[in-house]
Amino acid sequence: MLDTLRNSLASLRLAPFRPRLLDCLHDYSRDKLLRDLAAGVTVGVVALPLAMAFAIASGVKPEAGLFTAIFAGFLISALGGSRVQIGGPAGAFIMIVYGIVERYGLANLLIATMLAGVLLFAMGLFRLGQFVRFVPVSIVIGFTNGIAVLIMLSQVKDALGLAIDKMPADFFHQIGAIATSLHTVNWQAAALCAGSLAIVLVWPKSYAMGHVPWRRWIAHVPGTIVALAAATAAASLLHLDVETIGSKFGGIPQSLPSLQLPDFSWETAKQLFAPVLTIAALGAIESLLCARVADNMIDDRHDPNQELMAQGIANFVAPLAGGIPATGTIARTVTNVKSGAASPISGMVHAAALLAILLAAAPLANGIPLAALAAILLFVGWNMGEWREFARLRHFALTYRTILLATFLLTVVFDLTVAVEVGLVLAVLFFIYRITQLTRVEPLALDLAGVEAYRLQGSLFFGSVGKLEELTDPARHRSEDAARVIVLDFTALLSLDTTGLETLDSLRRQLAERSGTLIVAGAGGQPLSLLKRSGFVERIGAENMAADLAAAKARAGACLATAQPRP
């Protein structure tokens, strides 16, 4: 029994668990360490406001985002398959997490994240990393733009200081809540948000010119940090009546939480099937897309299966500390690369830097206005969307436009799970249609009375067997002048599935019932392999499997010469 199990596991060819960090340590040097330290601290500072903003926008406390960035960020770097990937809470998860918390509660979000972690690890273990690349780019752009719209919409409340107790989770109710609360605009919060957004937009550019040393140095300070500091100072010095992290959440704890399992029951877990799939699918897609972006920047190649296993472990561990779903993050990964990161150690340093900031300066976060965090998320949402793709749609095929717009609208109006499911179904249907259009059944002239010949091109599969409908029509075979021999030229046939095989077998039986013959010419590759494995060659007779069209013509002549009278 054990031997059978071992043999079965061996035949699965499970992916080896080998973090990229091990390879990077072989030739690690002092210079690389200094580069990793500098990059890690820089990314840590960039990640600080984003982690808090993503958590608040997701409907959880700000420390949940920090704990996610610390625990998950460390594990993704230490165990991942990319040299420079930075993991943590991501904008793409905001509306997913918000919806789960709203519908199932925080405890069930933690359970769903842990189960998604198990699923992600299994996907990597069973070498499913490369299959994420099969998700069409139209679907990725569609749901990314949809999520960006939802992120920006969710921040209108804090950006304008609207008197809304709790934002609804779905699009139309959010629009309704905002519309009915516009008369409660807090102009101080709106001005603070506008000022913060202006700083985030202008800051990197304002110091890009000139050669003054201090300007070049200060240009490395992220605009988000400058905006938070300026907004916090303005709110405090001017005594602005705006909501802050302290007034909303009671501040951020100046310590790490103790790890503990959330309350778990199988009855609850059964209800979380859709959220688990959503978190796992989005985490896999986001992390591997981010890793591919990083590969292009550093001329490297990541291990997608190892990356998924690391993402799985990170998403299993982070909820033990009260964290939310984590994945690879493009903005922080790009910052890491541009800061000179040499190995995954930079990502581990980024997590350590966040931990140091949490332990040393958590009380300073109490005065951060939510309007300033809303400005940062508005900036993130706008940069996240690929808005030019909408303008370019007229240059693409109708199928591409349909999939992208359907995925976008369904993401906004319903949710990501529905959008991706419908997008994939549409993509598959359009793909089947395109392949079907490439399949041809063309008549050939063999100059033999009683013989019909056809050349099959493309793929004979369940979507294209209709092209043989005329040949398998029973009324055709009952006709007095029906062909006694049908020759099918497979020379240009690329693939054949079991539905196509069944259609061929049906044609063979119809011919046999009236003492006719089916001849297959030039079969090779996958079609020939299936014909042999299915026993079709034995049923048709090896003599009726011709090497080419000339041999098929000779065989057809022999069949006519020995043909029996019609029954």
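The values are calculated or read from the model by the stated rules, or taken from the named source; none is laboratory data. Not measured: the values here are computed from a predicted model. A quick note on method: Cβ atoms are made from the backbone with ideal geometry, for glycine too, and the neighbour counts reach across all protein chains shown. All accessible areas refer to the heavy atoms of the entire protein, side chains included, with ligands and DNA or RNA removed. Shrake-Rupley method; radii C 1.70, N 1.55, O 1.52, S 1.80 Å.
The condition (being of a type in the set (Asp, Glu), within 33 Å of the chain's Cα centre (by Cα) and surrounded by 18 or more Cβ atoms within 10 Å (Cβ to Cβ)) is satisfied by just one residue among Asp158, Asp170: Asp158.
What are the pairs, 6+ residues apart or on separate chains, where a residue within the range 554-567 that is open to solvent by less than 100 Å² (accessible area, probe 1.4 Å) has its Cβ under 7 Å from a residue that is of a type in the set (S, T, N, Q) and at pLDDT 90 or above? Filtered contacts from the range 554-567: Arg555/Asn544; Cys559/Thr517. When Ser343 is tested against the conditions (1) part of a loop (DSSP other than H, G, I, E, B); (2) among the hydroxyl-bearing types (Ser, Thr, Tyr); (3) open to solvent by 20 Å² or more (accessible area, probe 1.4 Å), the lone failure is (3).
Checked against the criterion of being among the charged types (D, E, K, R), buried (at least 19 other Cβ atoms within 10 Å of the Cβ) and either in contact with a Lys or Arg (Cβ under 9 Å, 6 or more places away or on another chain) or in a helix (DSSP H, G or I) (or both), the range 306-313 has at least one qualifying residue.
Taking each residue of the range 133-145 that is over 20 Å from Val413 (Cβ atoms) and looking for partners that are of a type in the set (Gly, Ala, Ser) and at pLDDT 85 or above with beta-carbon atoms closer than 7 Å, six or more apart or interchain, yields Pro136/Ala427.
Could you please give the count of residues in the range 485-518 that are touching an Asp or Glu at 6+ places or on another chain (Cβ under 9 Å) and either assigned to a loop (DSSP other than H, G, I, E, B) or open to solvent by less than 20 Å² (accessible area, probe 1.4 Å) (or both)? Summing the residues that are touching an Asp or Glu at 6+ places or on another chain (Cβ under 9 Å) and either assigned to a loop (DSSP other than H, G, I, E, B) or open to solvent by less than 20 Å² (accessible area, probe 1.4 Å) (or both) in the range 485-518 gives 4. Pairing each residue of the range 306-332 that is over 14 Å from Pro257 (Cα atoms) and at pLDDT 95 or above with any residue that is of a type in the set (Phe, Trp, Tyr) and crowded, with 24+ Cβ neighbours inside 10 Å, provided the two are 6+ apart or on different chains, yields C-beta distances under 6 Å for Pro325/Phe93. When restricted to residues that are under 31 Å from the mean Cα position of the chain (by Cα) and in a helix (DSSP H, G or I), the range 433-470 contains 6. Among the residues of the range 534-547, those that are more than 17 Å from Ile486 (Cβ to Cβ) and either at pLDDT 95 or above or in a loop (DSSP other than H, G, I, E, B) (or both) comprise Ser534, Gly535, Ala547. One residue alone among Ala342, Ala375 is farther than 22 Å from Met152 by Cβ and in contact (Cβ under 8 Å) with a residue 12 or more places away in the chain, and that residue is Ala342. For the range 241-252, the tally of residues that are in a loop (DSSP other than H, G, I, E, B) and surrounded by 15 or more Cβ atoms within 10 Å (Cβ to Cβ) stands at 4. Cβ separations smaller than 6 Å between residues 6+ apart or across chains give the following pairs from the range 506-523 residues that are more than 19 Å from Leu549 (Cβ to Cβ) and touching a residue at least 12 places away in the same chain (Cβ under 8 Å) to residues that are open to solvent by 20 Å² or more (accessible area, probe 1.4 Å) and among the β-branched types (Val, Ile, Thr): Ser506/Thr472. The listed residues are Arg401, Arg455, Arg440, and the only one of them that is out of contact with any His (no Cβ under 9 Å at 6 or more places or on another chain), under 30 Å from Ile279 (Cβ atoms), open to solvent by 50 Å² or more (accessible area, probe 1.4 Å) and modelled with pLDDT of 90 or more turns out to be Arg401.
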